[in-house]
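Q: Mind having a look at this structure? Questions to follow.
The values are calculated or read from the model by the stated rules, or taken from the named source; none is laboratory data. Given the structure is predicted, the values throughout are model-derived calculations rather than measurements. In this analysis, Cβ positions are derived from the backbone assuming ideal geometry, glycine residues included, and neighbour counts consider all displayed protein chains.
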Amino acid sequence: MLEPIPDCCTEDEQCDDGDDTCTNDSCVDNRCSYALTGAANCCLTPADCNDADFCTTDVCTDHQCSHDDIPGCCYEDEDCSLDDATCWEDFCVEGVCVHQARARPTAVRPTPTAATRTRA
């Protein structure tokens, strides 16, 4: 038995992908062609969904773009704040939270003065 050739066609109707909003379906040189209509949020590949946001993953599913948040991604230092700000300094470095232990304060003993050396 012969296997059908994927996307082989002789007329436009054979190329209908069921998505009239995002694609114009046509048969060109016996191959189905799917061109974007220009409607908002439509795509053929994830590259068509690029939102220029480094904290999202751009996804193209069924010709629709979505932008999934990347867990732990940050834009500024405040996005990285831990509950215990007294022990940690929080930084956003190229979209990644970095938590650095604060330097432990050194106890400074007061220098005794003449007034503190005498006891009553």
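Q: Search region 49-81 for residues being of a type in the set (D, E, K, R) and surrounded by 13 or more Cβ atoms within 10 Å (Cβ to Cβ), and hand back the single one that is nearest to ARG102 (Cα to Cα).
A: If we take residues in region 49-81 being of a type in the set (D, E, K, R) and surrounded by 13 or more Cβ atoms within 10 Å (Cβ to Cβ), then ASP77 is nearest to ARG102 (Cα to Cα).
Q: Next up: Quick check on PRO46: is it free of Cβ contacts under 8 Å to residues at least 60 places away in the same chain, exposed (fewer than 12 other Cβ atoms within 10 Å of the Cβ) and outside the structural domain of CYS97 (by TED's automatic domain parsing)?
A: no
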